[in-house]
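The values are calculated or read from the model by the stated rules, or taken from the named source; none is laboratory data. Quantities reported herein were computed from a predicted structural model and do not represent experimental measurements. Cβ placement follows ideal geometry from the backbone for every residue including glycine, while neighbour counts extend to all protein chains displayed.
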There are 4 protein chains.
Amino acid sequence: MDAVAFLAMGREVLARQPFSRHVGAELLALEPGRCELSVALTDELKQQDGFAHGGVVSYLADNALTFAGGTAMQVPVVTSEYKINYVRPAIGERLVARAHAAHVSRSQAVCQCEIYALSGEGEKLCAIAQGTIARKGDGSAAADQSSP
Amino acid sequence: MDAVAFLAMGREVLARQPFSRHVGAELLALEPGRCELSVALTDELKQQDGFAHGGVVSYLADNALTFAGGTAMQVPVVTSEYKINYVRPAIGERLVARAHAAHVSRSQAVCQCEIYALSGEGEKLCAIAQGTIARKGDGSAAADQSSP
Amino acid sequence: MDAVAFLAMGREVLARQPFSRHVGAELLALEPGRCELSVALTDELKQQDGFAHGGVVSYLADNALTFAGGTAMQVPVVTSEYKINYVRPAIGERLVARAHAAHVSRSQAVCQCEIYALSGEGEKLCAIAQGTIARKGDGSAAADQSSP
Amino acid sequence: MDAVAFLAMGREVLARQPFSRHVGAELLALEPGRCELSVALTDELKQQDGFAHGGVVSYLADNALTFAGGTAMQVPVVTSEYKINYVRPAIGERLVARAHAAHVSRSQAVCQCEIYALSGEGEKLCAIAQGTIARKGDGSAAADQSSP
């Protein structure tokens, strides 16, 4: 698949996620093991101080990590876990998450993600995340139906 | 402040967060160091397989951790960082996050959160989170404006 | 296996870990999905301020999480990932880590752990951890030999 | 301080940590916001399968993150929290942790670390970590003496 088709395929996957449409997410770039996911910082994505809500920044991290891991492994995947550090209030016109797969094995990819806020002043790092994307139905508790 | 006023105060804070309104979040319970935050699992909160999107589960974790930490410390706070493990697809009519402060100091609270999916079959654990809620402007990089 | 034999089996596993012997670790309690692991706080386990070194607290968290997850799943396991929050300097005569499996599936267990320092003043919470213990060779990158 | 003096200063700090001596840690490189910490993989640092014990890999991550954050901030610091993903068994003659500060503010540094195993086959990535190093006594629960 060429680069244009690959990005188009990713955008189709994103368009099938109702929540991604609900927050207005856009896939800016996608290649195996790497992605760039963005939202325009509309009022409805903010918290009480006018910054992006942490949940929006988390959404971007979660989904960008998954796209990076899924395209690295090229099998159906689920997000197993991640951690995120917020380092600055997310203020600006747009947020962009850039994720890449740092290590890929048969069963999982460990990915990293940086989230930037874009404004007239340029782009500023707002959050840093790291997580595990797992092959679906194989080492992925999130895909199991077994009870606790 | 009595228990009813405390919950009403929390609901007022939540209502001032545009993103919390955007996802339809409701504060079911609130006391110092403890909270219960919920969303009805409407279609727009789902991903392509009909489960709650990970970003929604993350939003609940992030916000519930913050309410637990903020009410434990009773000062203005920011979420500093957290990690989340997804353990089962979030399927059902409603998600409920239950968070509590596990350790509170002058400058931060370390909080834990469990997210459950509620359906006709009862409630099932979907995700587990742990994070740091920091006093605003004191040990909180997220409140700093300094550049990297 | 009865409770006494189960603990004896766990102690045998621990005794086969050279690093656990190097730090003087002792298994105080073990049952399926639950364990208590301890070290006497000798000088060689400290950092420059006389507290336990973070690496010792991390060792306890890592190993206690693994025992909790391994005994919950009762299959060969590896530690996939964990996070730890240090909440107080670990000062005292002894450290004790108490871990339990919070969710168990066919392929992994998500476990939580609290680490306490014991002194004449009683026991004080020093750190809180959460992590994933994975079935070996199944969903466990750490057991894979594939290269990045 | 020139580069040679800076590294010598770091080695002096490391030498004052009894646990770092106990595991045989060596500081290979140190500059503001960046460090390289290593151990020879002697038998006593292994677990039952002949790999480095996860606790050793964790020790390296914890300490390398702290050196990176402390030299970035150039104030007394404590490790507040971190997460680590193990991606491959740590097999070889030596382990090396390379850490850098990804974001620095007045009160904390968010740092990242990669841990490699070195053998005749070259170096292989074994673990990836991310954590928060906090200014001592300011936003650092670990430096507080307040009780839970």
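B:Ile84 meets the stated requirement of being part of a strand (DSSP E or B), among the hydrophobic types (A, V, I, L, M, F, W, C), within 14 Å of chain D (Cβ to nearest Cβ) and surrounded by 24 or more Cβ atoms within 10 Å (Cβ to Cβ).
Before we move on, is A:Gly139 at pLDDT below 95 and under 20 Å from D:Asn85 (Cα atoms)?
So A:Gly139 passes the test.
When every residue of segment D:90-97 is checked against the conditions, at least one turns out to be modelled with pLDDT of 95 or more, crowded, with 24+ Cβ neighbours inside 10 Å and assigned to a strand (DSSP E or B). Sub-9 Å Cβ pairs linking a first residue in segment B:119-135 that is outside any strand (DSSP E or B) to a second residue that is crowded, with 16+ Cβ neighbours inside 10 Å, at least 6 apart or interchain, are B:Gly120/B:Gly92; B:Glu121/B:Gly92, ordered by first then second residue. Quick check on segment D:51-62. Is at least one of its residues of a type in the set (S, T, N, Q) and in contact with a His (Cβ under 7 Å, 6 or more places away or on another chain)? Within segment D:51-62, none of the residues are of a type in the set (S, T, N, Q) and in contact with a His (Cβ under 7 Å, 6 or more places away or on another chain).
Test C:Tyr59 against the criterion of being within 14 Å of chain A (Cβ to nearest Cβ) and either outside any strand (DSSP E or B) or surrounded by 24 or more Cβ atoms within 10 Å (Cβ to Cβ) (or both), and give yes or no. No: the conditions fail for C:Tyr59. Considering B:Ala72, B:Ala8, B:Ala64, the condition of being closer than 30 Å to A:Val78 by Cα and assigned to a helix (DSSP H, G or I) is satisfied by B:Ala64 alone. Examine segment B:31-48 for a residue that is closer than 18 Å to C:His103 by Cβ, in contact (Cβ under 8 Å) with a residue 60 or more places away in the chain and either part of a strand (DSSP E or B) or not small (Gly, Ala, Ser) (or both), and state whether such a residue exists. Taking every residue of segment B:31-48 in turn, none turns out to be closer than 18 Å to C:His103 by Cβ, in contact (Cβ under 8 Å) with a residue 60 or more places away in the chain and either part of a strand (DSSP E or B) or not small (Gly, Ala, Ser) (or both). Selection of segment C:1-49 for residues being crowded, with 19+ Cβ neighbours inside 10 Å, under 28 Å from D:Lys136 (Cβ atoms) and within 13 Å of chain D (Cβ to nearest Cβ) yields C:Val23, C:Val39, C:Leu41, C:Leu45, C:Lys46, C:Gln47. Just one of the numbered conditions (1) modelled with pLDDT of 95 or more; (2) over 13 Å from the mean Cα position of the chain (by Cα) is not true of C:Asp49: (1).
Step by step: first the residues of segment B:92-117, then only those that are over 15 Å from B:Ala64 (Cβ atoms) and in contact (Cβ under 8 Å) with a residue 12 or more places away in the chain, then the one that is farthest from the other protein chains (Cβ to nearest Cβ). Which residue is that? Once the filter is applied, the top-ranked residue is B:Glu93.
Taking the criterion of being modelled with pLDDT of 95 or more and surrounded by fewer than 22 Cβ atoms within 10 Å (Cβ to Cβ), the residues of segment A:123-136 that qualify are A:Glu123, A:Lys124, A:Leu125. When C:Tyr82 is tested against (1) at pLDDT below 95; (2) within 13 Å of the chain's Cα centre (by Cα), only condition (1) is not met.
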